[in-house]
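The values are calculated or read from the model by the stated rules, or taken from the named source; none is laboratory data. As the structure is a prediction and not an experimental result, all values here were calculated from the model. Positions of Cβ are generated from backbone atoms using ideal geometry, with glycine treated the same way; all protein chains shown enter the neighbour counts.
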Amino acid sequence: MLDIQKIRADFPILSQTVNGKPLVYFDNGATSQKPQVVIDAEVKYYKEINANIHRGVHTLSQLATDAYEVARGKVKDHINAKHAHEVLFTSGTTHGINLVSNGFASILKPGDEVVVSSLEHHSNIVPWQMLCEKTGAILKVIPINDNGELIIEEFDKLLSDKTKIVTVNHISNALGVINPIKYIIDKAHAVGAAVLIDGAQAVPHLKPNVQELDCDFYAFSGHKMCGPTGTGILYGKEEWLNKLPPYQGGGEMIKEVTFEKTTYADLPHKFEAGTPNIAGGIVLGTAIDYLNEIGFDKIHEYENELLEHATKRLNEIEGIRIYGNTKNKASVVSFNIDGIHPYDVGSIIDKLGIAVRTGHHCAQPIMNFFCIPGTIRASFSFYNTKEEIDAMVDAVKKAQTMLS
Ligand code: PMP
């Protein structure tokens, strides 16, 4: 059992009032709040060891380099990568996906195929469209059913020896649906395709095991898992990272530079040009420690309780439709109320201190599928409570009365 009040005390922002009401923060899918240990670690870095890494012989530079590499090791252990050099620091999921899609420009030929799903965030659609435009490859899309689940038989049919890469999210940001990624990875590998998993919405809720999954790439953001903004990780299998060309050129990523020819640094530095977000990377390690201390099993169990409670309570509201009706779901409820624009509900409940996301959630194809402008999305974290969910339901009912 989690001691929620003790956990909440770790997050200073949660004791704020917003618009004169206690803050109820249900926009965790967009970004999570940060515990005091994370805030302290950021301050400690700048107060005590700020220096550039991998360059200086001086003490601070070595301290900063050590701390950065310790953080890389923590991520390696957390996701169970085989090697620390398979863990690349990025600025976020978007950066990681673009790194891979750019690299595939040197691999794809006209007529090759890239498979994405209908459940993707724009950041796992647009880079692949750009790649297809550049290379003459063809984008294929796995469709969804009315429950917001991928239609797996249709995925099976899309695969062929033309398929070069398959990319899906682990958990949908717009609906919370958990995708059958192990099945997708194995099937894609059977036709010789690589697989990238967008883990942006998974890492706040579970601990991905990249070796067990056997994915070729796994991208995620630090800011959704209690870490700082502008941090992220791209895991890539060593053989793939060796095969792909560098993403950006610059300092840090070279072995030797002459005007005739430049040779590239070994992994992971080949993909880490320029001065990175040093503090961010180190503090992402602190965030991972914090989450592991709480324990992902307990987080999973508690968030499921929140999801169940929210689903039951929201279903009391007349005219509600919840999107993503599937058993395999993270603690996200995406819904609409008959005849009312989601933006209007979001604005009214904001006045009552409740922060939810409204709109298309950077997933317009899903909204088009359901023929809606957007949804109201409440995404829960382990620091939320059932009482907060009750407050949201009351607020939504109030908004419904005002708007009907
Ligand atoms: N993919 C998914 C599923 C997401 O939810 C998000 C963030 N909303 C992203 C990718 C992009 O993450 P970032 O903006 O941190 O790069």
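Going by the conditions given, is K398 among the basic types (K, R), without any contact (Cβ under 8 Å) to a residue 60 or more places away in the chain and outside any loop (DSSP other than H, G, I, E, B)? Yes. The set of residues in segment 96-117 being small (G, A, S) and either over 20 Å from I366 (Cβ atoms) or part of a loop (DSSP other than H, G, I, E, B) (or both) consists of G96, S101, G103, A105, S106, G111. Set side by side, the residues T135, T94 differ, and just one is more than 16 Å from the ligand (Cβ to nearest atom), among the hydroxyl-bearing types (S, T, Y), modelled with pLDDT of 95 or more and not assigned by TED's automatic domain parsing to the domain that holds K327, which is T135. If the condition is being in a helix (DSSP H, G or I) and more than 23 Å from the chain's Cα centre (by Cα), then segment 118-139 contributes C132, E133, K134, T135. With respect to the conditions (1) within 20 Å of N328 (Cα to Cα); (2) within 16 Å of the ligand (Cβ to nearest atom), I151 falls short on a single one, namely (2). For segment 226-253, filtering for residues that are buried (at least 24 other Cβ atoms within 10 Å of the Cβ) and either more than 23 Å from the chain's Cα centre (by Cα) or within 16 Å of the ligand (Cβ to nearest atom) (or both) leaves 7.
Residues in segment 74-91 that are more than 16 Å from the ligand (Cβ to nearest atom), part of a helix (DSSP H, G or I), in contact (Cβ under 8 Å) with a residue 24 or more places away in the chain and under 19 Å from E272 (Cα atoms): 4 in all. Scanning segment 359-404 for residues that are among the hydroxyl-bearing types (S, T, Y) and closer than 25 Å to I299 by Cα returns S379, S381, Y383, T385. Going residue by residue through segment 266-289, is there one that turns out to be surrounded by fewer than 17 Cβ atoms within 10 Å (Cβ to Cβ), among the charged types (D, E, K, R) and free of Cβ contacts under 8 Å to residues at least 24 places away in the same chain? No, segment 266-289 has no match at all. Restricting segment 9-44 to residues that are within 14 Å of P228 (Cα to Cα) and touching a Gly at 6+ places or on another chain (Cβ under 9 Å), the residue that is nearest to the ligand (Cβ to nearest atom) is S32.
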